[in-house]
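The values are calculated or read from the model by the stated rules, or taken from the named source; none is laboratory data. Only a predicted model underlies this, so the values are computations on that prediction, with no experimental measurement involved. Cβ placement follows ideal geometry from the backbone for every residue including glycine, while neighbour counts extend to all protein chains displayed. Accessible surface is based on the protein model in full, side chains and every heavy atom, while ligands, DNA and RNA are left aside. Shrake-Rupley method; radii C 1.70, N 1.55, O 1.52, S 1.80 Å.
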Amino acid sequence: MNRLLTNFLRNEKAAVAFESVIIFPILVWAWVGTFSFFDAYRVYNTSIKATYTIADLISRQEFEIPESSMDGYANMLAAMIRDHDGVQMRATEVHRANDGSFTTVWSHATGTLAQLCGASLDSYADRLPEVAIGERFVILESFVNYDPAFNMGVNDLDFENFTVTRPRYAGRIPYGGDQCA
């Protein structure tokens, strides 16, 4: 009996198969986890770049932008991020008044977002740039809800991007939708 037990313990014929059974699930878990982290980073990075792109596109408008074009910009933003369900956008033109305060000229929001008019602009005071009296600029915000494909250490995330651009060719961006009072 001792000899059979000793032969069994010294036998290495199934060692590779046994090690594979142990290591393979760990390798799959690591690969899926790496994919989840990389995909979250990709969506975050793409959302920043897409927000800058749409803000630049809006800042170059010389003619009146219809409300339907703003919705088209939001659809373009979602297409660039490759996520059509969880992307919302808000574009707002802000004017610095003679007394140094900031007032909203117009605002367009998609999805469930509210327009950024009136007193709600006060919450953005620390994020607004120092500009000359009478200057106008456009704030573009994007909100991306990220749901990971696999639940491997990355939970649902909300990416919020905020960018400010000046009108490129004119002193203001004409907008055909609702104006803030």
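For an R0 of 30 angstrom, estimate the FRET efficiency from the Cβ-Cβ distance between Val131 and Asp156 and round to the nearest 0.05.
0.25
Among all helices in the chain defined by DSSP H, which have a length of 18 Å or more along the axis from Cα atoms plus a Kyte-Doolittle mean of at least 0.0?
15-59, 67-81
What is the calculated FRET efficiency for Arg10 to Tyr44, with r their C-beta to C-beta distance and R₀ = 35 Å, to the nearest 0.05?
Taking R0 as 35 Å, the efficiency between Arg10 and Tyr44 is 0.05.
Spin-label point model (7 Å from Cα, Cβ direction): what's the Trp29 to Met1 distance in nm?
Taking the simple label geometry, Trp29 and Met1 are separated by 3.8 nm.
Name the shape class, rounded, prolate or oblate, that the alpha-carbon gyration tensor gives for the stretch 106-158, where a ≥ b ≥ c are the square roots of its eigenvalues, rounded holds for a/c under 1.5, and otherwise prolate holds if a/b is larger than b/c and oblate otherwise. Intermediate results must be reported in sequence, preceding the final value.
On the way: a/c = 3.29, a/b = 2.34, b/c = 1.41.
Judged from the Cα gyration tensor, the stretch 106-158 comes out prolate (a/c at least 1.5, a/b above b/c).
What's the carbon and sulfur percent of the stretch 1-45's accessible surface, probe 1.4 angstrom, rounded to a whole number?
Of all accessible area on the stretch 1-45, carbon and sulfur atoms account for 72 percent.
Looking at Asn11, Phe150, Ile173, which one has the Cα that reaches farthest to the positive end of the dipole of the chain (charges on Cβ: Lys, Arg +1; Asp, Glu -1)?
The listed residue farthest towards the positive side: Asn11.
How do the peptides 167-173, 70-76 rank, highest first, by the average count of neighbouring beta carbon atoms within 10 Å per residue?
Result, highest mean first: 70-76, 167-173.
With only Lys, Arg, Asp and Glu charged, each at its Cβ (+1 for the first two, -1 for the last two), find how big the charge dipole of the stretch 1-137 is about the Cα centre; round to the nearest 20 debye.
The dipole of the stretch 1-137 has a size of about 1060 debye.
Would you mind telling me which residue in Val32, Val138, Val16 has the biggest mean-square fluctuation in a Gaussian network model of the chain, where springs connect alpha carbons within a distance under 10 angstrom?
Taking springs between Cα atoms under 10 Å, the residue moving most is Val16.
Just need log10 I(q)/I(0) for the stretch 1-94 at q = 0.11, 0.12, 0.22, 0.26 Å⁻¹, Debye formula, equal scatterers on the alpha-carbon atoms, no solvent, rounded to two decimals.
With no solvent term, the Cα-only Debye profile gives -0.55, -0.60, -1.08, -1.27.
Using a 10 angstrom cutoff on alpha carbons, build the Gaussian network for the chain and name the most mobile of Ile23, Ile48, Ile139.
Result: Ile23 has the largest fluctuation of those listed.
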